[in-house]
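For reference, the structure is listed below as structure tokens.
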Amino acid sequence: MTTNDHDCRVCGGRVREFLDLGSQPTANGFLPPEEADGVFLFRLAVGACETCTMVQLIDEVPQEFRYHADYRYRASGSASHRQHFQRNAQRFLRTELAGDDPFIVEIGCNDGVMLGTIAEAGVRHLGVEPSTTVAAIAASKGVRVLTEFFDEATAAAVHDDHGPADVVFGANTVCHISHVGSVLRGLDKLLKPRGVFVFEEPYLGTLVDQMAFDQIYDEHVFYFSVTSVRQMASRYGFELVDAEHTPMHGGGIRYTLARVGARSPAPAVARLLADEHARKLTDPQTHARFAGNVTRIRRDLLALLGEIKAQGRSVVGYGAPAKCTTVTNYCGIGTDLVPFVCDSTPAKQGHLVPGSNLPVRPPAAFADPYPDYALLFAWNHAEEIMANEAAFSATGGRWIRYIPEVHVV
Ligand code: SAH
Ligand code: TYD
Ligand code: ZN
């Protein structure tokens, strides 16, 4: 359950811990009420490697505990995700997949939010997705799926069965995989000589800028920066040839790796590296300041919720993203402060937020009757949610946000 405190998963260097978010469950392990007592807990803490700068969890939960038939995250759960990944697929179809009989592999295709568009275009593809229930949803959209964890052996098997790939893609998945060395060795077997590995992940810079500490949970083993990804790539014969900002999860980065010398790096790589250097993103002082601000958010949020309760006013949580698990468990927010949360994901409804045990109800419960305040856990979907719930604001309802600091809007 516990990895060596001081061994970097990428380079073996010493990992210096800078933040401890306490005892936490698996963030997407939504439980039926009768199983709440059996929740599995681990110590959620992060540190940075003193050698390669990679920010990562100190302890980790085995992947089989995180991804299985009961995995409840649905990538197609919001309009913005669906649109983003449809565009992503169209871009690949226009570029890397425009040649003769192209082949794309997606690591962690989930419910087929991206590969659905590739399948519709009739292009050869394969999703590698260990969570069987979401894999079955992808298959129902005509997506070809292998229900396995991606690693070196899986990559070799895919190559044997389907031939070499033009593109291997992953979104919000590569940072979930602790055996990243095995993944990169596998890619060396699977990709064509000029093939690319493209992955989009939450960004350490956003975490720090937006104080998005709730992006930290069991599934996110790594918190990538351009600096750390570049070093990671070079250890395995790859080169970071492009890096661009994406709007996902409050601001992510899309990295493109190719074999060393196969493609010339875009100017954006040097520019983003210089930005990170200038803003001291990998400095211990930056991480310490971040950790200090996290404790301030907890203090302010508990003070606000306590005040609202003392005034006899009501609060409901909005959205039950994985992030909600981190915040509620770290702050100690239970049903005394937030009686329930609303979420549009049917697989989460009727279950409890892991650890804090807040019941998850359908969005209809939100208006029945409207509370005085809504605590926005799904803050990365603020625009979509606040537009859908305009009637709440119109009746005088207020939104509580806690990122980058606690405030009411
Ligand atoms: N790509 C989607 C889903 C991200 S959730 C999106 O961006 O929204 C992460 C997914 O990765 C989960 O569906 C999980 O089951 C899968 N996953 C986790 N470890 C994996 C591994 N080693 N190989 C392939 N998929 C993995
Ligand atoms: P998301 O931020 O995509 O994921 P993560 O679990 O990685 O933090 O999760 C958003 C959650 O918010 C998801 O459970 C669906 C829910 N949601 C709503 O309930 N209503 C909405 O209008 C939207 C956009 C999302
Ligand atoms: Zn390291």
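The values are calculated or read from the model by the stated rules, or taken from the named source; none is laboratory data. All values derive from a computational prediction rather than experimental measurement. Cβ atoms come from the backbone with ideal geometry, glycine included; neighbour counts cover every protein chain shown. In case anyone asks, the SASA skips ligands and DNA or RNA and just uses the protein heavy atoms, side chains included. Shrake-Rupley method; radii C 1.70, N 1.55, O 1.52, S 1.80 Å.
What lysines could a cross-link reach from K141, if we take a straight Cα to Cα line under 24 Å and drop same-chain neighbours fewer than 8 places away?
Reachable lysines: K348.
Run the helix sum for the chain: -39,500 (n - 2.57) per DSSP H stretch of 4+ residues, divided by residue count, reported at 222 nm to the nearest 500 deg cm²/dmol. Intermediate values should be presented prior to the final figure.
Working: 13 runs with 134 residues, N = 409.
That calculation yields -9500 deg cm²/dmol at 222 nm.
Per the chain: cysteines with no other Cys C-beta under 4.7 angstrom?
Within the chain, the cysteines lacking a partner Cβ under 4.7 Å are C109, C175, C324, C331, C342.
Hey, what did the chain get for relative contact order, percent, Cα under 8 Å, at least 6 apart? Intermediate values should be presented prior to the final figure.
Details: 815 pairs, mean separation 62.1, N = 409.
Value for the chain: 15 percent.
Calculate how large, on average over all directions, the projected area of the Cα convex hull of the range 11-76 is; give the answer in nm² to one decimal. Mind showing how you got there, number by number?
Working: hull surface 24.6 nm².
It is 6.1 nm².
For the range 307-409, with every protein chain kept in place, what is the accessible area per residue (1.4 Å probe, Å²)?
Working: 4060 Å² over 103 residues.
Roughly 39 Å² per residue, with all protein chains present.
Which FRET efficiency value, to the nearest 0.05, do you get for A136 and T335 by plugging their Cβ-Cβ distance into 1/(1 + (r/R0)^6) with R0 = 45 Å?
Details: r = 33 Å, r/R0 = 0.74.
E(calc), rounded to 0.05, equals 0.85.
If you count the DSSP beta bridges with both ends in the range 63-186, what percent of them are antiparallel, to the nearest 5? Please list the in-between numbers first.
Working: 0 of 11 bridges.
Rounded to the nearest five, the antiparallel share is 0 percent.
Mind giving me the FRET efficiency for D7 and A394? R0 is 56 Å, r the Cβ-Cβ distance, nearest 0.05 is fine. Please list the in-between numbers first.
Details: r = 54 Å, r/R0 = 0.97.
Computed FRET efficiency for D7 and A394 comes out at 0.55.
Based solely on C-alpha atoms, express the radius of gyration and the Dmax of the range 75-284 in angstrom.
Cα radius of gyration and Dmax of the range 75-284 are 16.3, 49 Å respectively.
Could you derive backbone 3J(HN,Hα) for the range 47-56 from the dihedral phi with the Karplus parameters 6.51, -1.76 and 1.60 (θ = phi - 60°), listing whole Hz in sequence and x where the residue is Gly or Pro?
Computed from phi, the couplings for the range 47-56 are x, 10, 6, 6, 9, 9, 6, 4, 7, 7 Hz.
Ignoring ligands, DNA and RNA, what percent of the accessible area of the chain is carbon or sulfur (1.4 Å)?
Details: 8000 of 16020 Å².
Using a 1.4 Å probe with all protein chains present, the chain comes out at 50 percent carbon and sulfur.
Which length gain, in nm to one decimal place, applies between D100 and D70 when the Cα-Cα distance is subtracted from 0.36 nm times their residue separation?
On the way: separation 30, 0.36 × 30 = 10.80 nm, distance 3.87 nm.
Using 0.36 nm per residue and subtracting the Cα-Cα distance, I get 6.9 nm.
Which far-off residues, 5 or more places away or on another chain, put their amide H under 5 Å from the one on L21, with H placed in the peptide plane?
It is L44, A45, V46, by chain and number.
Determine, from the Cβ-Cβ distance of V409 and H162 and an R0 of 56 Å, the FRET efficiency 1/(1 + (r/R0)^6), rounded to the nearest 0.05.
The computed FRET efficiency comes out at 0.65.
Filter the trypsin sites (Lys or Arg not before Pro) in the range 308-409 down to the DSSP loop ones having no more than 14 other Cβ atoms within 10 Å, then list what survives. Provide the component values of the computation, followed by the final result.
Numbers: sites: K309, R313, K323, K348, R398, R401; in loops: R313, K348.
The qualifying sites are R313.
How many nm separate the modelled label positions at A291 and A79, each set 7 Å beyond the Cα in the direction of the Cβ?
4.2 nm
Comparing G108, G334, G396, which has the greatest mean-square fluctuation in the GNM of the chain with Cα pairs linked when under 10 Å apart?
Of the options given, G396 has the highest mean-square fluctuation.
What whole-number distance in Å separates the alpha-carbon centres of the range 1-67 and the range 230-286?
24 Å
Starting from the Cα-Cα distance between D300 and A367, subtract it from 0.36 nm times their residue separation and give me the gain in nm to one decimal.
Values: separation 67, 0.36 × 67 = 24.12 nm, distance 2.68 nm.
Stretched fully, the D300-A367 segment lengthens by 21.4 nm.
Please compute the modelled spin-label separation between Q311 and R194, points set 7 Å along Cα→Cβ, answer in nm with one decimal.
Inter-label distance under the simple model: 6.3 nm.
Based on DSSP, what percent of beta bridges with both residues in the chain are antiparallel, to the nearest 5?
So the antiparallel bridges amount to about 50 percent of the total.
If you average the alpha carbon positions of the range 303-339 and of the range 178-218, how far apart do those two centres end up, in angstrom?
Here the two parts' Cα centres lie 32 Å apart.
Would you work out the charge dipole size for the range 116-248 about its Cα centre, treating the Cβ of every Lys and Arg as +1 and the Cβ of every Asp and Glu as -1, and quote it to the nearest 20 debye?
The calculated dipole for the range 116-248 is roughly 380 debye.
Please sort by residue number the chymotrypsin sites (Phe, Trp or Tyr not before Pro) in the range 234-307 whose DSSP state is loop and whose Cβ has at most 14 other Cβ atoms within 10 Å.
Working: sites: Y236, F238, Y255, F290; in loops: Y236.
Within the range 234-307, no chymotrypsin sites (Phe, Trp or Tyr not before Pro) qualify (loop, at most 14 other Cβ atoms within 10 Å).
Just to be sure I understand the model, the point goes 7 Å from the Cα along the line to the Cβ. What's the resulting R271 to D37 distance in nm?
Reported label-point gap for R271 and D37 is 5.9 nm.
Assign unit charges at the C-beta atoms only (+1 for Lys and Arg, -1 for Asp and Glu), then state the dipole size of the chain relative to its Cα centre in Debye, rounded to the nearest 20. Working shown, then result.
Working: 37 positive and 48 negative charges, 170 e Å.
Around 820 debye, computed over the chain.
Gaussian network model of the chain, Cα springs within a sub-10 Å range: biggest mean-square fluctuation belongs to which of V39, V353, V226?
V39
When the expected Rg is taken as 2.2 N^0.38 Å, what fraction or multiple of it is the alpha-carbon Rg of the chain? Spell out each step's value before the answer.
Numbers: Rg = 21.1 Å, N = 409, 2.2 N^0.38 = 21.6 Å.
For the chain, the normalised Cα radius of gyration comes out at 0.98.
Before anything else, pin down the relative contact order of the range 75-284: Cα pairs under 8 Å, at least 6 apart, normalised by residue count, whole percent.
Working: 373 pairs, mean separation 31.5, N = 210.
After rounding, I find 15 percent.
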